[in-house]
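Worksheet: the structure to be examined is printed underneath.
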Amino acid sequence: MELRVLRYFLAVAREENITRAAEMLHVTQPTLSRQLADLEAELGVSLFDRGSHKIKLTQDGLLLRRSAEEIVELEEKARAQFSPNSEDISGVISFGCGELSSMDTLAVWMVDFRTKFPLIKFNIFSGNADDIKDRVEKGLLDFALLLEPVDIATYEFARMNVAEKWCALVREDSPLAQKDVLTASDLAGIPLILPKRGNVQNQVMNWLGIKENEVNVVATVNLPYNGAVSVKQGLGVSLTLSLSCKYDGVVTVPLSPPLEHGSVLAWKRRVPHSRAVERFIELIRRK
């Protein structure tokens with residue numbers, strides 16, 4: 001299975017049309033069709049449902065697409081690690097980041113680093129801790145900015161000197177929006193939107209001081225924005241990290257007593273890193 005053929009497969013999956021994909025790839029349609037047929041024969045499965053106007057991926061095709069995207073991304077990442085000039089530090093450094101206040105600190109470090117090494121580029125992937133750690137394990141990301149509590153036993157890390165504070169997002173026309181702070185008793189019986197991560201959700205449950213089966217949880221989310229939209233439409237109150245973002249029709253109210261977590265910037269230990277990543281680790285250790 002060649003990378004070139006995987007790129008052909010991904011182009012057809014994206015365009016859902018052999019002719020358009022062939023034009024984009026600058027190959028003839030018969031050549032592209034033959035390459036896809038050879039790929040299906042090699043794998044022993046049908047990758048496409050072929051219609052008269054467009055083609056769609058089969059279940060096997062969907063499985064291959066996910067793997068192919070990761071393989072191509074790894075190949076592109078590997079190429080980006082090497083500079084044509086051995087005296088320069090260049091390439092791409094990839095970060096996986098939750099939506100955290102400590103992103104401000106990380107961004108300052110990135111600006112500082114790029115001032116010293118202007119050929120560097122950054123790739124920032126947003127997601128929750130589970131998604132990010134999975135991509136770090138697969139080698140798709142170099143660093144993970146993670147909210148604690150999180151298992152980083154196989155990582156080296158720098159603790160971010162920022163308190164990640166929690167708040168409640170409530171509709172601006174709710175009586176709760178008039179309060180200076182919200183306590184657990186204020187939220188008793190209120191429909192709640194909670195974080196999806198189990199260990200973080202447990203911390204929120206502990207703050208509420210009630211058992212999981214006594215909480216009126218109407219939804220879980222892995223990133224704050226979708227929770228804010230759900231609040232605006234009246235689904236409930238979202239307990240989430242307090243960020244500098246403003247959401248139309250939604251008010252941010254602090255919690256009392258405060259609920260806070262730490263965060264860490266982590267990277268895999270005892271694995272080879274590019275020169276760019278090694279230099280960034282050196283910068284972190286000086287902070």
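Looking only at the stretch 131-158, how many residues end up being over 17 Å from the mean Cα position of the chain (by Cα) and part of a strand (DSSP E or B)?
Going through the stretch 131-158 one residue at a time, the tally reaches 4.
Starting from the stretch 53-82, take each residue that is within 15 Å of residue 14 (Cβ to Cβ) and open to solvent by less than 30 Å² (accessible area, probe 1.4 Å) and list its partners that are at pLDDT 80 or above and among the polar types (S, T, N, Q), counting only C-beta distances under 9 angstrom and pairs at least six apart or across chains.
55/17; 61/46
How many residues does the stretch 168-187 contain that are open to solvent by 70 Å² or more (accessible area, probe 1.4 Å) and part of a loop (DSSP other than H, G, I, E, B)? Reasoning before the result, please.
Applying the first criterion (open to solvent by 70 Å² or more (accessible area, probe 1.4 Å)) to the stretch 168-187 yields 171-173, 175, 178-180, 185.
Still in the list and also part of a loop (DSSP other than H, G, I, E, B): 172-173, 179-180.
Final tally of qualifying residues: 4.
Show me the helices (runs of 4 or more DSSP H) found entirely inside the stretch 1-67 where at least 3 residues are charged (D, E, K, R).
By residue number, 3-15, 29-43.
Filter the stretch 1-50 down to residues that are among the acidic types (Asp, Glu) and surrounded by fewer than 17 Cβ atoms within 10 Å (Cβ to Cβ) and give me whichever is farthest from residue 61 (Cα to Cα). Outline the logic, then answer.
Quick first cut of the stretch 1-50, residues among the acidic types (Asp, Glu) only: 2, 15-16, 23, 38, 40, 42, 49.
Keeping just the survivors that are surrounded by fewer than 17 Cβ atoms within 10 Å (Cβ to Cβ) gives 2, 16, 23, 38, 42, 49.
Values: 2: 16, 16: 12, 23: 22, 38: 14, 42: 13, 49: 9 Å.
Filtering first and then ranking leaves 23.
Quick one: is residue 277 under 22 Å from residue 95 (Cβ atoms), open to solvent by less than 30 Å² (accessible area, probe 1.4 Å) and not basic (Lys, Arg)? Steps first, answer last, please.
Numbers: under 22 Å from residue 95 (Cβ atoms): yes; open to solvent by less than 30 Å² (accessible area, probe 1.4 Å): yes; not basic (Lys, Arg): yes.
Yes, satisfied.
When you scan the stretch 197-205, do you find a residue that is open to solvent by 70 Å² or more (accessible area, probe 1.4 Å), of a type in the set (D, E, K, R) and either part of a loop (DSSP other than H, G, I, E, B) or at pLDDT 95 or above (or both), even just one?
Within the stretch 197-205, none of the residues are open to solvent by 70 Å² or more (accessible area, probe 1.4 Å), of a type in the set (D, E, K, R) and either part of a loop (DSSP other than H, G, I, E, B) or at pLDDT 95 or above (or both).
Exactly one of these conditions fails for residue 165: (1) buried (at least 16 other Cβ atoms within 10 Å of the Cβ); (2) under 20 Å from residue 101 (Cβ atoms). Give me its number.
Going through (1) buried (at least 16 other Cβ atoms within 10 Å of the Cβ); (2) under 20 Å from residue 101 (Cβ atoms) one by one, residue 165 breaks only (1).
What's the number of the only condition in (1) acidic (Asp, Glu); (2) surrounded by 14 or more Cβ atoms within 10 Å (Cβ to Cβ); (3) within 30 Å of residue 262 (Cβ to Cβ); (4) free of Cβ contacts under 8 Å to residues at least 24 places away in the same chain that residue 99 fails to meet?
The single condition residue 99 does not satisfy is (4).
What number of residues in the stretch 19-52 are within 11 Å of residue 9 (Cβ to Cβ) and of a type in the set (Gly, Ala, Ser)?
The total comes to 1.
Working carefully through the options 230, 238, find the one that is over 18 Å from the mean Cα position of the chain (by Cα), open to solvent by less than 20 Å² (accessible area, probe 1.4 Å), in contact (Cβ under 8 Å) with a residue 12 or more places away in the chain and over 19 Å from residue 133 (Cβ atoms).
On the way: 230 fails: open to solvent by less than 20 Å² (accessible area, probe 1.4 Å).
Matching residue, one of 230, 238: 238.
When the stretch 77-103 is examined, which residues are found to be of a type outside the set (Gly, Ala, Ser), at pLDDT below 95 and in a helix (DSSP H, G or I)?
77, 79 - these are the residues of the stretch 77-103 that are of a type outside the set (Gly, Ala, Ser), at pLDDT below 95 and in a helix (DSSP H, G or I).
All but one of (1) assigned to a loop (DSSP other than H, G, I, E, B); (2) more than 23 Å from residue 133 (Cβ to Cβ); (3) modelled with pLDDT of 90 or more; (4) not hydroxyl-bearing (Ser, Thr, Tyr) hold for residue 245, so report the exception by its number.
Status for residue 245: all satisfied but (3).
The values are calculated or read from the model by the stated rules, or taken from the named source; none is laboratory data. All values reported here derive from a predicted model rather than from experimental measurement. So basically every Cβ, Gly included, is an ideal-geometry build from the backbone, and we count neighbours across all protein chains shown. What goes into the accessible areas is simple: the full protein's heavy atoms, side chains included, and nothing from ligands, DNA or RNA. Shrake-Rupley method; radii C 1.70, N 1.55, O 1.52, S 1.80 Å.
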